[in-house]
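A quick write-up on the structure given underneath.
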């Protein structure tokens with residue numbers, strides 16, 4: 001069998017990413033686990049967690065929420081579509097996130113703010129007509145401007161206005177993204193938490209149109225850098 005030598009910058013980057021990710025996974029096996037109990041008023045909020053805590057996720061009962069904020073994770077780009085101009089189909093992960101929103105809301109008439117990929121499922125599959133869809137904006141040439149976690153939280157905060165002072169935001173996000181989604185939401189003035197007892201998706205979609213959301217090895221380095229930035 002003839003051996004093949006891989007070289008060049010892209011190979012080096014992939015090797016480095018894999019090595020860093022493997023080390024992070026080994027060092028933080030409990031990454032993304034939820035707190036065992038809901039925080040009491042005396043316990044720290046998401047924005048007051050200890051600086052070294054990069055994994056504990058604050059939880060509270062779903063029925064204590066006054067609104068839901070749902071962050072999408074990946075997508076499915078239709079064959080032949082231009083990913084720079086196409087938001088994409090929801091895909092299985094966002095379908096699961098939509099189901100988590102439904103479970104969190106229950107039969108209450110809670111405001112729901114959801115990124116496009118989740119909002120599409122809530123509307124088409126669950127018949128929710130009152131979801132506030134958080135869409136990305138476009139450049140003058142029609143290309144999409146990437147909508148970050150912070151960008152979503154900022155839009156929701158702007159829409160809520162003064163109501164933030166009394167808001168309790170149940171944050172629905174992919175398991176490995178949830179810590180950062182909650183902390184970012186809290187940074188914008190919300191009391192933010194994961195809805196206790198609600199199943200949150202944790203299986204990656206290898207066919208996602210966003211490369212970094214196709215596996216944990218590719219996703220974690222980006223997410224952990226984002227977490228560290230939130231501790232500043």
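Here, each number is a calculation from the coordinates, and none is a lab measurement. Keep in mind it's a predicted model, so treat the numbers as computed, not measured. Note that we place each Cβ from the backbone using ideal geometry, even for glycine, and neighbour counts take in every protein chain shown.
Descriptive notes on the structure:
- Residues residue 212 and residue 64, FRET efficiency given R0 of 30 Å [Cβ-Cβ distance, rounded to 0.05]: 0.35
- Once you reduce region 205-227 and region 141-194 to the center of their Cα atoms, the two points are 19 Å from each other.
- Once the C-beta distance of residue 139 and residue 159 is scaled by a Förster radius of 22 Å, the resulting FRET efficiency is 0.45 to the nearest 0.05.
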